[in-house]
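Asker: Here you go, one structure.
Just so you know, all these numbers are worked out from the coordinates, no wet-lab data involved. Because the structure is a prediction, the values reported are computed rather than measured. Note: ideal-geometry Cβ built from the backbone for every residue, glycine included; neighbour counts use all protein chains shown.
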């Protein structure tokens, strides 16, 4: 945002100081990621920049760590587990989170704030506490060490994101549309899918993307709830750092960064579309 021509010297000084502070914070957050990406192309089995890399010698760069990732049975099994678990947890999070958000948006629901606080508590409670609680609970009901247990645990972590994004979308929802639909003879289900869902769909998809990222990147809960058969990609990365310090981790991290950027870009596009549908921004 540009400064108006009548801005005072103090306002101009604060404007550029604020930009500098934001730039420094952005650099502090993004610098570790920017370091990992070029290191993933290191031709040597090092976690540091070699003299050849600093001199931009083509021979100092290689795709061997990416080949090791795609050719390793352990890494591919971990990737298959992540792809198997994350979508299932996302679907469950989207269904339950959307229903909860729509229900809690009704004014006549008692104790709405208390229920909302309980549902979003997995975002607030330290993850290690949630993981330990899930471990003891699932061990008692026989779900510890199963795919279903990991999916349910990741769904519990993803539901708060869906509830928050869908609730934010419902803030600008016109209730008269549902009343008009009902007056024309449409039932509750038809009203929901034909009237409400198209308008809140950007929020639902955004929440689903956040739930997917949470499940795909999560490692603490799966360490407690899962077993060796449910070893996910972050779990395999954790093992690589703890046991063998494999540079393949850098290639995997770069792939995950690329996937995260694509998903966050989709979230931003959906947010803008939601604002246009609600009339909060020009088309």
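Asker: Counting pairs of alpha carbon atoms under 8 Å apart in space and at least six apart in sequence, what relative contact order in percent does the chain give?
Answerer: Working: 302 pairs, mean separation 75.4, N = 283.
Over the chain, the number comes to 27 percent.
Asker: May I ask for the angle, rounded to the nearest 10°, between helix 248-277 and the longest principal axis of the chain, with both axes built from Cα atoms and the value confined to 0 to 90°?
Answerer: Rounded to the nearest ten degrees, it is 20.
Asker: Hey, with R₀ at 30 Å, roughly what FRET efficiency would residue 180 and residue 6 work out to, going by the Cβ-Cβ distance, to 0.05?
Answerer: So the FRET efficiency works out to roughly 0.05.
Asker: Then there is this: Give the order of 260, 176, 246, 206 when sorted by the count of other beta carbons within 10 angstrom, beginning with the fewest. Could you put the intermediate results ahead of the total?
Answerer: Working: 260 14, 176 9, 246 21, 206 26.
Least to most surrounded, the residues fall as 176, 260, 246, 206.
Asker: Pairing the Cα long axis of helix 9-39 with the longest principal axis of the chain, what angle in degrees results, from 0 to 90 and rounded to the nearest 10?
Answerer: Relative to the chain, helix 9-39 is tipped by roughly 60 degrees.
Asker: I would also like to ask the following. Most mobile of 195, 151, 94 per a Gaussian network model of the chain (Cα springs, under 10 Å)?
Answerer: Evaluated over the chain, the most mobile residue of the options is 195.
Asker: OK, next. Using only the Cα atoms of the chain, what are the Rg and Dmax in Å?
Answerer: Spelled out, the Cα radius of gyration and Dmax of the chain are 23.4, 74 Å.
Asker: Label residue 219 and residue 57 with points 7 Å out from Cα along Cα→Cβ: what is the distance between them in nm?
Answerer: Rounded to a tenth, the inter-label distance reads 3.2 nm.
Asker: Can you tell me how much longer the chain between residue 123 and residue 14 gets when fully stretched, taken as 0.36 nm per residue apart minus their C-alpha distance, in nm with one decimal? The partial results should precede the final answer.
Answerer: Numbers: separation 109, 0.36 × 109 = 39.24 nm, distance 3.45 nm.
So the chain would gain 35.8 nm between residue 123 and residue 14.
Asker: Relative to the first principal axis of the alpha-carbon coordinates of the chain, what is the inclination of helix 197-217, with its axis defined by its Cα atoms, in degrees from 0 to 90 and to the nearest 10?
Answerer: 30
Asker: Kindly state, to the nearest 0.05, the FRET efficiency for residue 141 paired with residue 47, given R0 = 51 Å and r defined as their beta-carbon distance.
Answerer: Working: r = 42 Å, r/R0 = 0.83.
So, using R0 = 51 Å, E works out to roughly 0.75.
Asker: Which ordering of 154, 65 is given by a fewest-first count of other beta-carbon atoms within 10 Å?
Answerer: Fewest to most other Cβ atoms nearby, the residues stand as 65, 154.
Asker: Please arrange 125, 259, 221 by how many other C-beta atoms lie within 10 Å of their C-beta, fewest to most.
Answerer: 125, 259, 221
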